[in-house]
Amino acid sequence: MIGEYDLVKGLSAFLRSVGIDVKYKLCSHSLKSIVEPELDIQYISVEKEKIDILKKMQKTLVLADDVSHRLCDSSNVVVRVSAPFIDGAQIATHLPLLGEKGTDFLLETIEAYYQTLA
């Protein structure tokens with residue numbers, strides 16, 4: 001999972017509640033301003049290291065931005081997670097991962113991911 005700190009923290013907690021452990025929790029920004037960040041959420045300042053992690057993944061559920069998805073192998077199941085608005089301007093047109101519909105969408109995607117492993 002790659003995203004803003006609160007997104008990574010929140011979605012990881014949700015996934016844990018449905019029995020899924022997140023292997024990589026990558027914050028898209030420095031953790032310097034986060035008071036007592038969770039120890040398993042990391043910021044990788046060297047972009048090549050993050051790219052190497054993404055390129056090595058296979059048959060993995062990847063929650064990240066579009067750029068990260070493009071780096072992933074086609075065997076992965078990807079879900080776009082990003083802020084739908086920045087400075088009041090809409091930048092994302094996908095279904096947001098909020099509320100009942102977002103939760104249903106994410107659970108359906110997780111189910112589809114498990115079916116690819118069977």
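The values are calculated or read from the model by the stated rules, or taken from the named source; none is laboratory data. As the structure is a prediction and not an experimental result, all values here were calculated from the model. Because the Cβ atoms are built from the backbone with ideal geometry, glycine has one as well, and the counts that use them run over all protein chains shown.
Only one of (1) among the polar types (S, T, N, Q); (2) modelled with pLDDT under 90; (3) surrounded by 15 or more Cβ atoms within 10 Å (Cβ to Cβ) fails for Gln90. Which number is that?
(3)
Are there any pairs, at least 6 apart or on different chains, whose C-beta atoms fall under 8 Å, with the first in the range 50-69 and in contact (Cβ under 8 Å) with a residue 60 or more places away in the chain and closer than 16 Å to Val81 by Cβ and the second surrounded by fewer than 20 Cβ atoms within 10 Å (Cβ to Cβ) and small (Gly, Ala, Ser), and if so, which?
Pairs that qualify, where the first residue is in contact (Cβ under 8 Å) with a residue 60 or more places away in the chain and closer than 16 Å to Val81 by Cβ and the partner is surrounded by fewer than 20 Cβ atoms within 10 Å (Cβ to Cβ) and small (Gly, Ala, Ser), are Asp65/Ser28.
Can you find a residue that is within 20 Å of Val67 (Cα to Cα) and among the β-branched types (Val, Ile, Thr) anywhere in the range 2-11?
Yes: one or more hits.
Against the conditions (1) touching a Leu at 6+ places or on another chain (Cβ under 8 Å); (2) modelled with pLDDT of 90 or more; (3) surrounded by 14 or more Cβ atoms within 10 Å (Cβ to Cβ), where does Lys59 fall short? Just the number, please.
(3)
Looking only at the range 15-41, count how many residues are surrounded by 15 or more Cβ atoms within 10 Å (Cβ to Cβ) and within 15 Å of the chain's Cα centre (by Cα).
Selection size over the range 15-41: 8.
Going residue by residue through the range 50-60, is there one that turns out to be over 16 Å from Asn76 (Cα atoms) and β-branched (Val, Ile, Thr)?
no
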